[in-house]
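A short write-up of the structure that comes next.
The values are calculated or read from the model by the stated rules, or taken from the named source; none is laboratory data. The structure displayed is predicted, hence computed values, not measured ones. As a convention, Cβ positions derive from the backbone with ideal geometry for all residues, glycine included, and neighbour counts pool all protein chains shown.
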Amino acid sequence: MNTTDSATSQKFIEPARELEVIADADVVVVGGGPGGFGAAISAARNGAKVLVLERFGALGGTWTYGILSAIMNNTSVRGIFTETQREMERRGGWRWWRKNDPSSGGNFDSEVAKVVLDDMAAKAGVMVFYFALVTHVFKSEDGRRITGVVIQSKEGRHVVTGKVFIDSSGDGDVSALAGVPYEMGREGDHAMQPMTMIFKLDNVDTPRGEAYVATDADCRRAWQAAKARGEVTVPRDCLLLAPMPKPGQWQFNSTRLLGYDGTKLRDVSAATTEARRQVAEIAAFMRKNIPGFENSVVAETAPHIGVRETRRIKCDYTMTGDDIRKTRKHADVIARGDWWIDIHNPKGEGLVNNDGSPTSPKEAELKAGPAAGDWYEIPYRSTTAHGLDNVLIASRCIDSTHEAHAAVRASQQICAIGEGVGTAAAQVVTRKLATVRDVDVRVVQARLRQSGALI
């Protein structure tokens with residue numbers, strides 16, 4: 001008998017009990033990933049008392065606990081993100097892909113990033129609770145406001161209260177708990193982009209590795225040959241890899257976990273196990289087939305699997321693929337973006353269009369993204385949670401279609417969205433506004449420009 005299945009038919013009644021308020025803040029940021037970090041720093045700098053509730057042990061989310069270790073090329077994001085990038089570089093934790101080019105992406109040391117983010121938060125006066133998982137929300141009698149969130153920690157269950165709540169949980173957990181409508185996946189089959197576990201290899205002869213990759217981009221030729229021999233099973237057509245700031249270390253964004261839901265316990269557990277199997281397979285492939293990697297070893301796998309897509313929370317404006325392709329500009333813009341519609345195939349290898357037909361990075365960048373020097377804009381309305389007066393969204397779960405989400409989700413853009421949202425949240429507090437929709441976006445925009453953001 002399957003005891004797990006049998007157990008699901010059992011139910012327990014949790015006794016009612018009073019919960020102590022452990023902290024109160026003007027702005028409560030749930031999730032310290034790129035969006036939550038940007039939101040917390042900007043809100044604090046603009047006069048709000050800020051508390052971040054983070055379920056792991058570091059700020060940065062996918063940057064640190066996901067060891068993403070790479071930021072893609074961008075010409076549309078500056079502000080807090082650029083401050084962070086430059087500080088990592090100053091501490092020896094950033095490796096540019098193109099030197100002396102501020103639009104170039106690069107790889108970074110996630111351990112350096114953790115300290116940089118901690119230091120920036122402390123300097124801004126942001127309080128952080130690590131290992132604090134939000135499990136429930138309390139709402140006002142009219143249902144229009146969140147009055148407090150329940151956190152679970154080693155100390156037990158407590159309540160955190162606040163004036164404005166920013167949902168930067170990635171999966172939109174706070175909004176979902178509060179009953180805000182959401183969508184998941186693409187139209188039709190609701191399939192979502194695959195997950196990825198990032199990993200790093202040490203003991204690589206980097207000059208030889210770079211020389212080989214220069215002749216076989218993304219190891220595509222060697223990977224396809226190994227696939228034909230039946231040596232590899234990871235559902236990819238090539239590998240994404242790059243050298244790190246640490247000598248002899250390379251980062252891989254190359255596992256692919258298909259058909260899993262990042263909001264489901266069993267799915268995330270199964271995906272994590274499968275991801276580690278894929279890591280071992282790719283590492284063995286590299287040692288056997290790629291010059292410079294003969295003596296390489298797995299140095300680290302991400303503590304948290306990378307999730308590209310889950311809930312997309314309904315707000316007051318839904319960004320669509322046309323917002324991206326037509327580079328729409330909005331009067332209530334709080335951030336720019338220039339990443340293209342980058343849909344990792346939910347069903348197999350490669351990239352796909354919104355209808356599931358195959359495409360390539362080059363084709364998608366040309367047809368489904370801004371031309372050089374242009375950008376699309378993220379409106380404030382895409383961050384104001386539907387039906388709630390004091391909740392804003394500052395992560396990949398802003399209101400968008402599956403197609404638009406694939407462009408907006410780039411982490412540097414999420415940081416910029418967070419900076420805009422945090423600035424707006426601070427205005428709600430300092431001006432004692434009744435709702436997040438009463439914000440004067442023109443004032444937010446002016447403040448963002450003063451802070452170095454591109455608006």
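Structural remarks
- Meets criteria (among the basic types (Lys, Arg), touching a strand residue (DSSP E or B) at 6+ places or on another chain (Cβ under 7 Å), in a helix (DSSP H, G or I) and closer than 26 Å to ALA124 by Cα) for ARG442: no
- Every listed requirement among (1) in the same structural domain as ASP167 (by TED's automatic domain parsing); (2) farther than 23 Å from GLU187 by Cα; (3) in a loop (DSSP other than H, G, I, E, B) is met by ASN295 save one, (1).
- Qualifying residue in the stretch 122-137 (condition: assigned by TED's automatic domain parsing to the domain that holds ARG396 and in contact with a Ser or Thr (Cβ under 7 Å, 6 or more places away or on another chain)): yes
- Cβ separations smaller than 8 Å between residues 6+ apart or across chains give the following pairs from the stretch 82-96 residues that are assigned by TED's automatic domain parsing to the domain that holds LYS114 to residues that are surrounded by fewer than 17 Cβ atoms within 10 Å (Cβ to Cβ) and among the aromatic types (Phe, Trp, Tyr): GLU89/TRP96.
Let's see how each residue does on (1) surrounded by fewer than 19 Cβ atoms within 10 Å (Cβ to Cβ); (2) under 20 Å from the mean Cα position of the chain (by Cα):
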{"residue": "VAL137", "(1), (2)": "no, no"}
{"residue": "SER140", "(1), (2)": "yes, no"}
{"residue": "GLU155", "(1), (2)": "yes, no"}
{"residue": "ASP171", "(1), (2)": "no, yes"}
{"residue": "GLY185", "(1), (2)": "yes, yes"}
{"residue": "PRO207", "(1), (2)": "yes, no"}
{"residue": "ALA214", "(1), (2)": "yes, no"}
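- Within the stretch 216-228, residues that are more than 7 Å from CYS238 (Cα to Cα) reach partners that are β-branched (Val, Ile, Thr) and at pLDDT 95 or above with beta carbons closer than 6 Å, at six or more positions or on different chains, in the pairs ALA226/VAL232.
- Residue in the stretch 90-108 that is in a strand (DSSP E or B), among the polar types (S, T, N, Q), crowded, with 21+ Cβ neighbours inside 10 Å and under 22 Å from the mean Cα position of the chain (by Cα) present: yes
- Residues of the stretch 151-179 satisfying the condition of being β-branched (Val, Ile, Thr) and out of contact with any helix residue (DSSP H, G or I) (no Cβ under 9 Å at 6 or more places or on another chain): ILE151, VAL159, VAL160, THR161, VAL174
- The single residue among TYR376, TYR380 that is farther than 27 Å from SER69 by Cβ and not β-branched (Val, Ile, Thr) turns out to be TYR380.
- Close Cβ contacts (under 8 Å, 6 or more residues apart or on different chains) running from residues in the stretch 166-181 that are without any contact (Cβ under 8 Å) to a residue 24 or more places away in the chain to residues that are surrounded by 24 or more Cβ atoms within 10 Å (Cβ to Cβ) and among the hydroxyl-bearing types (Ser, Thr, Tyr) are absent.
- The residues of the stretch 345-374 that are closer than 17 Å to ARG409 by Cβ and either aromatic (Phe, Trp, Tyr) or touching a residue at least 40 places away in the same chain (Cβ under 8 Å) (or both), listed by number, are ASN345, PRO346, ASN354, ALA368, GLY369, PRO370.
- Residue satisfying all of: in the stretch 54-89; hydroxyl-bearing (Ser, Thr, Tyr) and touching a Leu at 6+ places or on another chain (Cβ under 8 Å); surrounded by the most Cβ atoms within 10 Å (Cβ to Cβ) among these: THR64
- Within the stretch 378-430, being more than 19 Å from PRO181 (Cβ to Cβ) and not in a helix (DSSP H, G or I) holds for ILE378, ARG409, ALA410.
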